[in-house]
Amino acid sequence: MIVLLGVLVVVIGFATKRNPLLVVGVAGIATGLLGGLSPGKVLAAFGEGFAGSRAVTIFAITLPVIGLLERYGLQEQARNLIARFARLTTGRFLALYLGLRQIGAAVGLTNVFGHAQTVRPLAVPMAEGAAERKYGKLPDRTREKVRSFSASADNVGLFFGEDVFLAVGSILLITGFVNTTYGTHLEPLQLALWAIPTAVCAFVVHGWRLLRLDRQLERELLTANVRDTAAVEAAQ
């Protein structure tokens, strides 16, 4: 039971808002040492874990590329593009992105979209540009709200879309566990088919929330404009 003190390290570290990477690293070292491993074996375990999941470090290549594209006007071009579509509001654009994200995840293209490669450099500027085209410069609070909805469109689309794909890890894990534990013969296709109604419901519910964003922005920004106009008139 003493090895579970590593979990306590994680809880304390996150509760005190320490660096997550440092907290997890210290917890792993503490767990290994308390479990009777030598420092060399603990280090070897870290190395094996890193070598076995090298894909998680792909961001080290993605981020510099995205930064270079942004420096040469990627976000500005995204704003200019959205300005050409007068009927494409912020909510409609994000609902469209949600659908594309979900369809892409459903066919296994989970890395085509994403926060680093799509949301920050493309989806957010286009969503903000659609709002700025109609209301002018956005307050910081409204801008953060648009960004949060942009991130949520990506998260919901990926989470509920990837289970429709037969070869996704979660589907294979469930079928393997159920077949081994209960002696059944569950096929990945069966789970994937049952994931389709859930994905459709997720799209309808969150798509409705994204479309409601247009009304929320209109109410907030028009109220703010009226307040600013009244303040200017009072000052004069």
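Descriptive notes on the structure:
- Under the simplified labelling scheme, the VAL107-TRP208 pair shows an inter-label distance of 2.9 nm, with each label point 7 Å from Cα along Cα→Cβ.
- Three-way shape call for segment 1-54 based on the alpha-carbon gyration tensor, with the a/c threshold at 1.5: oblate
- Shape category assigned to segment 104-236 from the gyration tensor of Cα positions, a/c cut at 1.5: prolate
- Average Cα contact separation per residue, segment 1-54, under 8 Å, 6 or more apart, as relative contact order %: 34 percent
- Theoretical gain in end-to-end length, PHE14 to GLU76 [0.36 nm per residue, Cα-Cα removed]: 18.6 nm
- Under the Karplus curve 6.51 cos²θ - 1.76 cosθ + 1.60, θ = phi - 60°, whole-Hz ³J(HN,Hα) for segment 29-42, x wherever Gly or Pro sits: 5, 4, 5, x, 5, 5, x, x, 7, 6, x, x, 5, 5
- Separation of alpha-carbon centers, segment 117-179 and segment 6-29, rounded to whole Å: 28 Å
- Lysines with Cα under 24 Å of LYS134, excluding same-chain neighbours fewer than 8 positions away: LYS145
- Charge tally in the Cβ shell below 13 Å around VAL156, where Lys, Arg are +1 and Asp, Glu are -1, VAL156 excluded: -1
- Summed residue charge, Cβ within 13 Å of GLY28's Cβ, Lys/Arg positive, Asp/Glu negative: 0
- For the pair ALA86 and THR181, label points projected 7 Å from Cα toward Cβ lie 5.8 nm apart.
- Net charge dipole size for the chain [Lys, Arg +1 and Asp, Glu -1 on Cβ; Debye, nearest 20]: 500 debye
- For the chain, the longest principal axis of the alpha carbon atoms and the long axis of helix 124-135 meet at an angle near 20°.
- Simple label model, 7 Å out from Cα along Cβ direction - ILE2 to ARG215, nm: 6.1 nm
- Length gained when the stretch LEU172-ILE196 is fully extended (0.36 nm per residue, less Cα-Cα span): 7.0 nm
- Segment 1-136 shape via C-alpha gyration tensor axes, a/c threshold 1.5: prolate
Each reported figure results from applying straightforward, stated rules to the coordinates on display, with no laboratory input. Remember, it's a predicted structure, so these values are computed and weren't measured experimentally. When we count neighbours, we look across all protein chains shown, and the Cβ atoms used for this are built from the backbone with ideal geometry, even at glycine.
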